[in-house]
Amino acid sequence: MINLVREKNPMPEQAPDVRNKNFLEVSSGYTEEMAVSEAMRCLKCRKKPCMSGCPVMVKIPDFIAKIAEGEFEEAYQIISETSSLPAICGRVCPQENQCEGKCVHGVKGEPVAIGRLERFAADWHAEHYGDEEIKPAESNGHKVAVIGAGPAGLACAGDLINKGYEVTVYESLHKTGGVLVYGIPQFRLPKEIVAAEVAKLEAKGVKFVTNAIVGRAITVDELMREEGFESVFIGTGAGLPSFMKIPGENLLGVCSANEYLTRINLMKAYLPEYDTPIQHADKIAVVGGGNVAMDAARCAKRMGASEVYIIYRRSMEELPARAEEVHHAMEEGIIFKLLTNPVEIKGDETGHVTGIECVSMELGEPDASGRRRPVVIEGSNHVVPVDMVIMSIGTKLNTLILDTTEELAANERGGIGADADAATNRPGIFAGGDAVTGAATVIKAMGAGKTAAAGIDEYLSK
């Protein structure tokens, strides 16, 4: 039986004025009854348009059908055929622009809550089968190195270990997970979930080497020549922060969203038992409008700031962050100053931030990105009093591996050059995710990792 209700089953959540003071997960997830009811909204479309929006091609109608039948473990197993990190993707993927964006239900109502159902299946499995024994895969004798333990690297390692490859993952930080642990806050993605996914890979035989900066401690060429790896996948992400290059960015109280979020998420600054240095400001401006900006702003509120501003030069319609994250931020009291662009950061005689000078904008003709170009309104300069500014205007690739790998080519964006199969110009070296494309989504990085795993398998099977 199909449930033709046009609206999604609402997600149980903490109240906004409660959750903006803690780092507990905002949403508690569907109950079994909610999941079955939501799954029954699926129209079982013959052409399965939702799958075309999924970078890892999860068999969406099939797993939803199993949930509708109450076969929750079977639903999880179907998802796991193509997705290495369902509990993570169900929480942080921009479903509204991917699978749910293609759902036929969305034409005259709300699409089926595919992401919430994926999370439900993964959480149900973890609760009921989380202690199951995982048997290591039988080795096929080939050795592959993966550089970066973020979503691309984990997905690549997962597919390769399942095919019998001996996989070693090198991670520059002291914990595995990449952006999943240093970038995404606990209230959106509990770190215990990331640790559990990594533990599954370790149980299958994947080796993780942390505090290993490839390009410094060892090069890609040395991994292949001296360590015996027959192929290498580079999935290092794009974690180098960008700044606006406006006056005052060197003042005390200005930092990148990457640094701020890393101190909170990876270094646990939000927990009193951790003595992590971090500025506790009262009024904070976050410059940018993406998911990282929302994460930084919402963290700032939870860290005790009385006023937190999102300063973004375009309108709400052009805001690139997920609609759900924007909605949650607004509920939690984040102040949106849209059509506003910073021109200078003000400071006092001691070198500390006292405000951010901005100009008001209006939207003109579309630019190369297809979005209407913001134009300055002359004479609109004004100062927003703040004592901290967090820059969240994007990231770029750290070129360390490009600089230290013999003859490895870059692409026109400054990332590592790779073709549609993730192969670089160097035989045996593959690359994917943000290291190639620039900053993107977790699921797209996973898709790139899976593509690379298939390419490596073909390369080593010749």
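Past the 28 Å Cα-Cα mark, which pairs from 143/444; 268/450; 8/444; 191/396; 301/450; 8/47?
268/450; 301/450
Order of 266-274, 294-302 by packing, highest average Cβ count within 10 Å first? Intermediate values should be presented prior to the final figure.
Working: 266-274: 14.0, 294-302: 26.1.
Sorting 266-274, 294-302 by mean packing, highest first, produces 294-302, 266-274.
Compute the distribution of all C-alpha to C-alpha distances in the range 373-419, in bins of 5 Å from 0, and list the percent of pairs in each, rounded to whole numbers.
With 5 Å bins starting at 0, P(r) equals 5, 13, 14, 12, 12, 9, 9, 11, 9, 6, 1.
Between residue 202 and residue 5, what length in nm is gained on full extension when 0.36 nm per residue of separation is reduced by their alpha carbon distance? Write out the running numbers ahead of the final one.
Numbers: separation 197, 0.36 × 197 = 70.92 nm, distance 4.28 nm.
Here the answer is 66.6 nm.
Determine the relative contact order of the range 147-301: mean sequence separation of Cα pairs under 8 Å and six or more apart, normalised by residue count, in whole percent.
Working: 177 pairs, mean separation 40.9, N = 155.
Reported relative contact order: 26 percent.
Name the helices (complete DSSP H segments) of the chain with a Cα length along the long axis of 15 Å or more and a Kyte-Doolittle mean of at least -0.5, or state none. Don't skip to the end; give the middle numbers.
Details: long enough: 114-129 (22 Å, -0.75); 151-162 (17 Å, 0.88); 191-204 (20 Å, 0.12); 291-302 (17 Å, -0.34); 442-460 (27 Å, 0.52).
Helix filter hits for the chain: 151-162, 191-204, 291-302, 442-460.
Taking the alpha-carbon set of the range 1-153, what are its Rg and Dmax in Å?
16.9, 56
Want the number for residue 278 to residue 412: 0.36 nm per residue separation, take away the alpha-carbon distance, what's left? The partial results should precede the final answer.
On the way: separation 134, 0.36 × 134 = 48.24 nm, distance 3.68 nm.
Full-extension gain reported as 44.6 nm.
Would you work out the charge dipole size for the chain about its Cα centre, treating the Cβ of every Lys and Arg as +1 and the Cβ of every Asp and Glu as -1, and quote it to the nearest 20 debye? Show your work: numbers first, answer last.
Numbers: 48 positive and 65 negative charges, 175 e Å.
Result for the chain is approximately 840 debye, rounded to the nearest 20.
Considering only protein heavy atoms and a probe of 1.4 Å, how much of the accessible area of the range 241-373 is carbon and sulfur, as a whole percent? Present the calculation step by step, with values, prior to reporting the outcome.
Details: 2940 of 5900 Å².
C and S atoms contribute 50 percent here.
Just the accessible area per residue of the range 347-462, please: how many Å² with a 1.4 Å probe?
Numbers: 5690 Å² over 116 residues.
Per-residue value: 49 Å².
Give the relative contact order (percent, whole number) for the chain; include only Cα pairs under 8 Å separated by 6+ residues.
Numbers: 983 pairs, mean separation 72.7, N = 462.
Relative contact order comes out at 16 percent.
Grab the DSSP H runs of the chain that are 4 residues or longer, score each as -39,500 (n - 2.57), total them, divide by all residues and round the 222 nm result to the nearest 500 deg cm²/dmol. Write out the running numbers ahead of the final one.
Numbers: 17 runs with 151 residues, N = 462.
That calculation yields -9000 deg cm²/dmol at 222 nm.
Considering only protein heavy atoms and a probe of 1.4 Å, how much of the accessible area of the range 20-101 is carbon and sulfur, as a whole percent?
Details: 1820 of 3420 Å².
The nonpolar share, carbon plus sulfur, comes to 53 percent.
For the range 328-432, what relative contact order do you get, as a whole percent, if you take Cα pairs closer than 8 Å and at least 6 residues apart?
Dividing the mean separation by the residue count of the range 328-432 yields 15 percent.
With N denoting the number of residues in the range 308-376, provide Rg(C-alpha) divided by 2.2 N^0.38 Å, to two decimal places.
In units of the 2.2 N^0.38 Å rule of thumb, it is 1.30.
So, by mean Cβ neighbours within 10 angstrom, what's the order for 58-68, 109-119 with the highest one leading?
Values: 58-68: 22.4, 109-119: 23.9.
Output ranking for 58-68, 109-119: 109-119, 58-68.
What does the C-alpha gyration tensor say about the overall shape of the chain? Classify as rounded when a/c is under 1.5, otherwise prolate if a/b is larger than b/c, or oblate.
Values: a/c = 1.67, a/b = 1.19, b/c = 1.41.
Oblate.
The values are calculated or read from the model by the stated rules, or taken from the named source; none is laboratory data. Keep in mind the model is a prediction, meaning the values are calculated, not measured. Here the Cβ is made from the backbone with ideal geometry for all residues, glycine too, and neighbour counts use every protein chain on show. Protein only, heavy atoms only, side chains kept; ligands, DNA and RNA dropped before computing areas. Shrake-Rupley method; radii C 1.70, N 1.55, O 1.52, S 1.80 Å.
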